[in-house]
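K.L.:
Structure below; questions to follow.
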């Protein structure tokens, strides 16, 4: 693996991220009744996430982990271990509530609570946020401004799902968005253009559905265009033995499809491409993080 990594040193590095949540917290199986059972259902997130961390360590790769505050409260050692290993810890909100189902005040409380929990555990600032099920949309125009006000530097929640190309209106790479509260960087997930339709293939169920050979071709095309991929997965996607849940047929198909193949496909991906966390590889965000760190160091020196 070391020789493979060395051969990638001069190639483009992409973003690798994981949305850290329990297998029973996915939006496709959401119900108020199941939400009340969360503390009584079998927890598998720690063992699955540590398995991912072991795989990344073997491949000498760091990633961004968007962690639910709910999970962090119950598995504080997991968050600390990820941070100690050099991975970026970012926020996935607190309770996996869709942003479109929250008021501005509820959303603010959610992202503030999650950020505080994660920062208390790691002793480091949390700069990034990803909405559950990428649920920042045109219906929530206030969400990005709220993130700015709560101290986030970037968001990674915008995803052009099955939209006509002319309606997407955004680049596949990072861009700076102006809000009423200030600017925030959007690290958008790329899509593939098929006959004018934007199809999301950057991870999750799409990574499990589409043959790996097609994913590899798409990444090579991105590299030729000078664009970084933002790849995402969930810890439960490498857990084929997780308990099965009742739900709509389509939801069950998408959730359980090819779970036994995910880990092997991820190994191929790490072999063929180079990845890093958002704060390390996305240049404008890295510069802002370094600037904040410099100001903090200077402030400590003056006060000392």
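K.L.:
Kindly provide the set of residues from region 47-72 that are in contact with a strand residue (DSSP E or B) (Cβ under 7 Å, 6 or more places away or on another chain) and not in a helix (DSSP H, G or I), ordered by number.
P.N.:
Across region 47-72, the qualifying residues are 61, 62, 63, 64, 65, 66, 67, 68.
K.L.:
Continuing with this model, one more query. So residue 243 passes all but one of these: (1) surrounded by 12 or more Cβ atoms within 10 Å (Cβ to Cβ); (2) in contact (Cβ under 8 Å) with a residue 12 or more places away in the chain. Which condition number does it fail?
P.N.:
Against the list (1) surrounded by 12 or more Cβ atoms within 10 Å (Cβ to Cβ); (2) in contact (Cβ under 8 Å) with a residue 12 or more places away in the chain, residue 243 comes up short only on (1).
K.L.:
Please determine whether any residue of region 230-240 is over 15 Å from the mean Cα position of the chain (by Cα), surrounded by fewer than 18 Cβ atoms within 10 Å (Cβ to Cβ), at pLDDT 85 or above and over 30 Å from residue 292 (Cβ atoms).
P.N.:
Yes, region 230-240 contains a residue that is over 15 Å from the mean Cα position of the chain (by Cα), surrounded by fewer than 18 Cβ atoms within 10 Å (Cβ to Cβ), at pLDDT 85 or above and over 30 Å from residue 292 (Cβ atoms).
K.L.:
Among the residues of region 125-133, are any over 24 Å from residue 233 (Cα atoms), at pLDDT below 95 and touching a helix residue (DSSP H, G or I) at 6+ places or on another chain (Cβ under 8 Å)?
P.N.:
So far as region 125-133 goes, no, none of its residues is over 24 Å from residue 233 (Cα atoms), at pLDDT below 95 and touching a helix residue (DSSP H, G or I) at 6+ places or on another chain (Cβ under 8 Å).
K.L.:
Of everything in region 208-229 that's surrounded by 16 or more Cβ atoms within 10 Å (Cβ to Cβ) and at pLDDT 90 or above, which residue is nearest to residue 154 (Cα to Cα)?
P.N.:
208
K.L.:
Moving on to the next point. Identify the residue in region 251-264 that is in a helix (DSSP H, G or I) and touching a residue at least 40 places away in the same chain (Cβ under 8 Å) and, among all such residues, is nearest to residue 30 (Cα to Cα).
P.N.:
For region 251-264, the residue satisfying everything is 251.
K.L.:
Give me the residue from region 24-46 that is under 24 Å from residue 126 (Cβ atoms) and outside any loop (DSSP other than H, G, I, E, B) and, out of that set, modelled with the lowest pLDDT.
P.N.:
Among those that are under 24 Å from residue 126 (Cβ atoms) and outside any loop (DSSP other than H, G, I, E, B), it is 27.
K.L.:
Taking region 87-110 as the region of interest, how many residues are more than 21 Å from residue 175 (Cβ to Cβ), in contact with a strand residue (DSSP E or B) (Cβ under 7 Å, 6 or more places away or on another chain) and touching a residue at least 40 places away in the same chain (Cβ under 8 Å)?
P.N.:
2
K.L.:
Which condition number in (1) farther than 20 Å from residue 18 by Cα; (2) touching a helix residue (DSSP H, G or I) at 6+ places or on another chain (Cβ under 7 Å); (3) crowded, with 22+ Cβ neighbours inside 10 Å is the one that residue 154 fails?
P.N.:
In the conditions (1) farther than 20 Å from residue 18 by Cα; (2) touching a helix residue (DSSP H, G or I) at 6+ places or on another chain (Cβ under 7 Å); (3) crowded, with 22+ Cβ neighbours inside 10 Å, residue 154 misses (1) alone.
K.L.:
While we're here: In region 118-135, which residues are part of a helix (DSSP H, G or I) and farther than 14 Å from residue 96 by Cβ?
P.N.:
Within region 118-135, 118, 119, 120, 121, 122 meet the criteria.
The values are calculated or read from the model by the stated rules, or taken from the named source; none is laboratory data. What you see is a predicted model; the values in this text were computed from it and never measured. Cβ: placed from backbone, ideal geometry, glycine included. Neighbour counts: every protein chain shown.
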